[in-house]
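The structure that follows is given in the form of structure tokens.
The values are calculated or read from the model by the stated rules, or taken from the named source; none is laboratory data. Every value quoted in this text rests on a predicted model; they were computed, and no experiment measured them. Using ideal geometry, Cβ is built from the backbone for each residue, glycine included, and neighbour counts are taken over all protein chains shown.
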Amino acid sequence: MPGTESHHHTGPYSRTWYESLRSTIGDAGCRQLGFYAIPDDTLLSVVVPVYNERDTLEKLVDGVIAVPIRKEIILVDDCSTDGTDQILKKLESRPVDAENVIHVYRQQRNEGKGAALKTGFQHVSGTIVIVQDADLEYDPGEYPRLLQPIIENKADVVFGSRFLGDQPHRVLYYWHYLGNRFLTTLSNCFTNLNLTDMETCYKVFRRDVIDEVAPRLRQRRFGFEPEVTARVARRGFCVYEMSIGYSGRTYEQGKKIGWRDGLQALWCIVRYGLFD
């Protein structure tokens, strides 16, 4: 299984690539542009909860594979009913290469995003773990930026924020935006974190954080976001935020979160903010 042996390469984010750039533009230039070296022994576990994403899943996986980091892609099907399983079988049959391994797990019944993620977390073997939605709202090309604070030992957890302001995002629902800001602010009141986007999909964890937090997770749907945030904060892990782009979907395109999930998030913020 990948994760034990080193794979020396000379592509983007390799030591050779970084030293070449560093000799040209210097340390300061590399820092400003986000250029750094990812160690050869890094293995990224990409955990993808999947529910009725027939139209986007294969393109999403192609995007993940294209990122120049050694990784395992863990797809957890939450009992899709739209033919997604045929796509998963196709992905499972792809030839394995040294940089990308695909694992597929299937829930016995539809339980929700949080339950699918907990299943995925049980199977990770990487040194760093990232959550990736199966739609195309979030761009896997941002992984190197999101991983940098963890690889440089500055952070234990990184949240990718849609609201820090310097990355493009599709302009969509104002009330969703207000609801998100309200939930993030309330979450911050309980966790004493100064986040701008608690509800973001992109959450990146050092492996030891996942090992400690994941077994305790209880929320089976979108309550995962406030719950994992509260559990991370309670344990004093160092959290960073990085700006990300966002290409949001409309309800017609398959967006699944609604006002009931907002109410559940509200309950979770209070519940996990007060009690472990």
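Check residue 126 against each of (1) touching a Leu at 6+ places or on another chain (Cβ under 7 Å); (2) modelled with pLDDT under 95 and name the one condition it does not meet.
Answer for residue 126: the failing condition is (2).
Out of the residues in region 168-187 meeting the condition of being surrounded by 12 or more Cβ atoms within 10 Å (Cβ to Cβ) and of a type in the set (Phe, Trp, Tyr), tell me which one is modelled with the highest pLDDT.
Selected residue: 182.
Find all pairs meeting these conditions: Cβ atoms under 6 angstrom apart; at least six residues apart or on different chains; first residue within region 133-157 and more than 24 Å from residue 208 (Cα to Cα); second residue buried (at least 18 other Cβ atoms within 10 Å of the Cβ) and of a type in the set (Val, Ile, Thr).
Short answer, once both residue conditions are applied: 134/48; 134/50; 135/56; 136/56.
So for region 233-254 (the condition being of a type in the set (A, V, I, L, M, F, W, C), in contact with a Gly (Cβ under 8 Å, 6 or more places away or on another chain) and part of a helix (DSSP H, G or I)), does at least one residue qualify?
No, region 233-254 contains no residue that is of a type in the set (A, V, I, L, M, F, W, C), in contact with a Gly (Cβ under 8 Å, 6 or more places away or on another chain) and part of a helix (DSSP H, G or I).
Can I ask one more? If the requirement is being of a type in the set (Lys, Arg) and either under 20 Å from residue 122 (Cβ atoms) or in contact (Cβ under 8 Å) with a residue 40 or more places away in the chain (or both), which of these qualifies: 181, 207?
Exactly one of 181, 207 is of a type in the set (Lys, Arg) and either under 20 Å from residue 122 (Cβ atoms) or in contact (Cβ under 8 Å) with a residue 40 or more places away in the chain (or both), namely 207.
Can I ask one more? Within region 129-179, can you find the residues that are small (Gly, Ala, Ser) and either within 18 Å of the chain's Cα centre (by Cα) or within 19 Å of residue 65 (Cβ to Cβ) (or both)?
Scanning region 129-179 gives 134, 141, 155, 160, 161.
Among the residues of region 169-188, is there at least one that is over 23 Å from residue 260 (Cβ atoms) and assigned to a strand (DSSP E or B)?
Looking through region 169-188, at least one residue is over 23 Å from residue 260 (Cβ atoms) and assigned to a strand (DSSP E or B).
Can you tell me which of 205, 237, 222 is modelled with pLDDT of 95 or more, touching a helix residue (DSSP H, G or I) at 6+ places or on another chain (Cβ under 9 Å), aromatic (Phe, Trp, Tyr) and buried (at least 19 other Cβ atoms within 10 Å of the Cβ)?
Just one listed residue meets the conditions, 205.
Within region 92-113, identify whether any single residue is hydrophobic (A, V, I, L, M, F, W, C), out of contact with any strand residue (DSSP E or B) (no Cβ under 7 Å at 6 or more places or on another chain) and farther than 30 Å from residue 14 by Cβ, and answer yes or no.
No: zero hits.
Further question: Which of the residues that make up region 86-129 are assigned to a helix (DSSP H, G or I), out of contact with any helix residue (DSSP H, G or I) (no Cβ under 7 Å at 6 or more places or on another chain) and crowded, with 17+ Cβ neighbours inside 10 Å?
Hits for region 86-129 are 88, 115, 116, 119, 120.
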